[in-house]
Structure formats: structure tokens, C-alpha cells
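The following block contains the structure, expressed as C-alpha cells.
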Amino acid sequence: MSFWNKQKRLQEEEPQVTLEREGHAIAIELDHRYIDIRVDKPYIDVIETIHFYNELLDGKTKEQRALNARAIEFFAQFTKVPLGNAYDFFQTIVFFYYKHYQDESCPFEGSNLTFIFSRVAIDIYNHIQEDITDVHMTLEEIESRQPRAFYFHEGDVELSGMRFIRETKLLMPTLLPVEKQQLTTFNNFLLAQEMQEISQDIQGDVARFLDAYALLSYEQFDQIYQLLMHNQSIVEEQQNIHIMGMKYIYIPNVDIERALQAIRVYHLQCTLEEGLRNYLSLYEGATATVLGIIDFINEENARLYGEKEPLIFANNQRYLNLFFNDYCFEHQIEEGKDSPRVRQFLHALAKDYTRQKSKQDGGMMKCTAIIKNALSKNRLMGREK
């Protein structure tokens, strides 16, 4: 697929349009309505896009465009040291440009890339929203597919929250380091090191955002953590992630700032996705819930009595179903609105079974072993306090 994403033509072919500037006829085909910059696009597309907008600068002299082009070509050498993705690459050259504008070793004097960067930032912002939406839908799918895995036990809420934040930060995708074999194609090692440092600002901003939630006191048990709830408002643009780099690098453009914030939101989304997948792989089933224990009890009844004593199995199931229905109705427990208060549930079941059993004449029900196994399972999972 070519770099330009061409607009579908109408039934009648649009005429080619040329622009006249400064007495020179510069032919620019205007059937390229927008630039397709996505996370999987190579770095060269970012450089070519910046060149494209430089050529479209109306009212600028040829000398100004030449100075801009020289600065842009300086950034082309950055493509030899791949760090992050196309979004990260854009923020790297933006930060580097403003930080080193007066550095005599960089060909920036007399150039003016603010408008060009802002135009590319608008393109990036529009496209990154699609990537953010894709990852956010994946997060919601993970949640909806594994509803019982996203509960903290009432005794472990704060510890579990801190553990999740810590492990998620460790899983945060890291940018590629500058390797020795790359230096043969990149003769300015100091430049490469600084490029890596600027790129890692994203990781630092996301990590600080996660840190803000590590020590919160959680009072609700129907969410894995308040961060997931707040993440929704981040996606809906109700709040942005703070950009630490803009404290020491002034970027005088709201479009650029908005794009850089969106890049951080995208990294947060990817970090949460990886963190949740890791959480499921390591701790799925480690936190018992009421509905999960109900399933376990039903399986135990079938295992112990299903084939050997079908009458006992049927009597047990009849009693258990009545208790489960009453308990879930009273405590408003249902699929998607589970509860981690397993100990409270099992104690209520044991108390009710003892009372019901005393009313029975003989062996109509045999749930003692089932309840003991459920208590033992909860205790072995380390959730009994």
C-alpha cells in the first residue's frame, strides 16, 4: 500500500489542481486528502508527512521552506535508531526540536516547524483515537469475559491494589535500547542517547499516573480497582495525563500538546491491557467469589453423589438451590455483580444447613462434606481471615 491514502474517486474524475506560489508553478496533486499515520506505520512516513506540510506552507518564502527542509532532514537520521512506534517517534522529534532550537550543532536556526508539527499532530490525534478505541474495547472484552476475576477480597483490597499497580508498571512496554551494532549506522551516539531519554518520557508520565492510584483506599469490591473506572473518563477526554516534559520544554501549540497527551493515553491503554492479561494468567481463580463458590459446591455435589447416590444428589441440589436463590436475592448477587464475601456466604450456608438438617429425619441430605470442602478451598486460597 502506498504512503498516500487516496480518497475514493467519484464517478467523474476530479481535475488535477496546481498551486501558483512566488512565480513558480508547483504541481501538487490534491487527491491526497489526508495522511494515514497509524501506530504500525514506519518512521519514514512521519518524516515524509512533515515534508509534505512544509511544501504546503502558503505565504512562506522559498528560503524559509529550505531552512525547514534542512531541519527536517536532520530528523531523518533518527530513523536509523528505532525507538517505540511512529507516535513515540513524532513526540521525540518535537521535544528535541524545541529543546535544541538554539543549539549550534543542530540545523534549526531560522527554521519554523511549529505550524508543520501542529498539522501532523492533528493527523496523529485523529488516527490515534482509533487505536485508543481498539485497545479500550479489548479491555472491556477482557472484563466482560472474566467477570469473577476482577474482584479484590475484602481483606486484601489495598494490598491487591498496590500489587497490581506494581506488577503492571513492571510489564509496561519499554522502548528499545540503543544497541552497539546500531552505532555503525548512527554516528552520533550522544544524540541517540538523548533521543532515547526523550522517548522514555512517555513511560515516566504513565508510570506517575499509575502511582497516583497505588495507595488509594478502596471501599468498593465490585471493581478490580478504581483505575479502571477512571480510565473510562480518560478515554472520553474528561481528564488528560500530565506531560512532565512540558515543564522544561515549552511547546507553544495546543494541537501538539493534545496529540502528546493522546499518545500517553494510548500507552496507558496498552499498559492496562498487558497488566490485566498478566493478572488473569497469574491470579485467575485465586480470589474466590460467591458465584464461583456456588459453582464449586454444585460440582462437589455432582462429584460426590451424582452417580453413587442420585436421590441424595437430588435432595442436596434442591436444598442448595433454594438457599442460593434466597441468599443471592437478599444480597443482590448476580452475574456481573458478584461478591468476594465468600466467608460470610459459607458461614451463612453452614448455619442454615445445620438448622435444616436438624429438622430432617434420617439421611435426606448430605451436604456436610460439600460445605467443608468449600471452606477448605477458600482457606487454601489464602483468603480466610
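Would you say Ala71 is touching an Asp or Glu at 6+ places or on another chain (Cβ under 7 Å), modelled with pLDDT of 90 or more, of a type in the set (A, V, I, L, M) and assigned by the TED database to the domain that holds Ile202?
Answer is no for this residue.
Can I ask one more? Within the range 362-385, count every residue that is closer than 21 Å to Lys308 by Cα and modelled with pLDDT under 80.
Here the count works out to 3.
Is there a residue being open to solvent by 70 Å² or more (accessible area, probe 1.4 Å) and modelled with pLDDT of 70 or more anywhere in the range 172-180?
no
If you scan the range 292-326, which residues turn out to be among the aromatic types (Phe, Trp, Tyr) and more than 39 Å from the chain's Cα centre (by Cα)?
Tyr305, Phe313, Tyr319, Phe323
Could you figure out which of (1) hydroxyl-bearing (Ser, Thr, Tyr); (2) farther than 26 Å from Arg258 by Cα; (3) modelled with pLDDT under 85 isn't true of Thr61?
Here Thr61 meets the rest and fails (3).
Could you grab me the full set of residues in the range 81-132 that are more than 28 Å from the chain's Cα centre (by Cα), farther than 13 Å from Ile198 by Cα and open to solvent by 10 Å² or more (accessible area, probe 1.4 Å)?
Correct list: Tyr101, Gln102, Asp103, Glu104, Ser105, Cys106, Pro107, Glu109, Gly110, Asn112, Thr114, Phe115.
The values are calculated or read from the model by the stated rules, or taken from the named source; none is laboratory data. None of the values given here were measured: they were computed from a predicted structure. Glycine gets a Cβ as well: all are built from the backbone with ideal geometry, and neighbour counts include every protein chain shown. When the accessible area is computed, the model is the full protein with side chains, heavy atoms only, and any ligands, DNA or RNA have been set aside. Shrake-Rupley method; radii C 1.70, N 1.55, O 1.52, S 1.80 Å.
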